[in-house]
Amino acid sequence: MARRSCELCCLGRTETDASAQKARSILGIVLMNNDKTGEAFRLLKGVYKARKEILGETNLHTRNSLYLVAELYRSAGKLTKAESSFRLVLNQCELSWSDEAIARAQYHLALVIKAIPDYLNAEREKEAVELINTARETRRKITPLYLETLTPAEELKSFGFLVSLLAGKWIG
């Protein structure tokens, strides 16, 4: 159904049309949430490249697309690529992203940093801890309803729910 909706939306439109990019992005999220990561990656990477070319690197839609690509890298275990993508997302993010989206990206970047054992040193460990603390502080300010002690799985979900609560979408 999502594929057909995307096809209909893209019918008669160019590859760079905003409606076509939005439809592909939504289909990519649907595929991502249904563990069809290879197909989702191809689609979302294409959306990111098109948006970067048309809208520029700091545009909200470009950042959202890159975040999804970073998440797919993370879930596929391509941690070095995930780290560089998350860092790029967070670079100048205050220009276009909400506090909760920034907190989610900070938390996910920290997880990636901690998951690359060959590069984990005291400086990177400290950075990861600071990113997690900053993300948690933002979460506390936005919604104090979460317990202070969450399991790692609960905490990961909390940042996704936080963004969906305030942005109207759940992407992971």
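Do any GluC sites (Glu not before Pro) in the range 32-130 lie in a DSSP loop with no more than 16 other beta carbon atoms within 10 Å, and if so, which?
Glu57
Just add up the charged neighbours of Gln21: K/R +1, D/E -1, any other residue whose Cβ is under 13 Å from the Cβ of Gln21. Numbers along the way, then the final one.
On the way: positive: Arg13, Lys22, Arg24, Lys45, Lys49, Arg51, Lys52; negative: Glu15, Asp17, Glu53.
Taking every other residue near Gln21 into account, the sum is +4.
Calculate what fraction, in whole %, of the accessible area of the chain sits on carbon and sulfur atoms when a 1.4 Å probe is rolled over the protein chains. Walk me through the intermediate numbers first.
Working: 5220 of 9640 Å².
That fraction is 54 percent.
Place a label point 7 angstrom from the Cα of Lys157 along the Cα-to-Cβ direction, then list the residues of the range 132-146 whose backbone nitrogen is under 15 Å away.
Residues 146 qualify, since their backbone N sits under 15 Å from the label point.
Past the 24 Å Cα-Cα mark, which pairs from Lys81/Lys141; Lys22/Lys52; Lys52/Lys78; Lys22/Lys45; Lys45/Lys141; Lys45/Lys81?
Details: Lys81/Lys141 31 Å; Lys22/Lys52 14 Å; Lys52/Lys78 22 Å; Lys22/Lys45 13 Å; Lys45/Lys141 33 Å; Lys45/Lys81 13 Å.
Long pairs (Cα-Cα over 24 Å): Lys81/Lys141; Lys45/Lys141.
Taking the alpha carbon gyration tensor of the chain, what are the square roots of 5 times its eigenvalues, largest first, to the nearest whole Å? Walk me through the intermediate numbers first.
Working: eigenvalues 160, 60, 47 Å².
Equivalent ellipsoid of the chain: 28, 17, 15 Å, largest first.
Lys and Arg at +1, Asp and Glu at -1: add these up for the other residues within a Cβ distance under 15 Å of Glu53 and post the number. Walk me through the intermediate numbers first.
Details: positive: Arg24, Lys45, Lys49, Arg51, Lys52, Arg63; negative: Glu15, Asp17, Glu57.
Value of the local net charge: +3.
Work through the residues other than Arg124 whose Cβ is under 13 Å from its Cβ and net out their charges, Lys, Arg +1 and Asp, Glu -1.
Surrounding charge for Arg124 is -3.
The values are calculated or read from the model by the stated rules, or taken from the named source; none is laboratory data. All of these numbers come straight from a predicted model, not from anything done at the bench. Every residue, glycine as well, gets a Cβ built from its backbone with ideal geometry; the counts of neighbours run over all protein chains shown. Heads up: the accessible areas ignore ligands, DNA and RNA and are worked out on the full protein's heavy atoms, side chains in. Shrake-Rupley method; radii C 1.70, N 1.55, O 1.52, S 1.80 Å.
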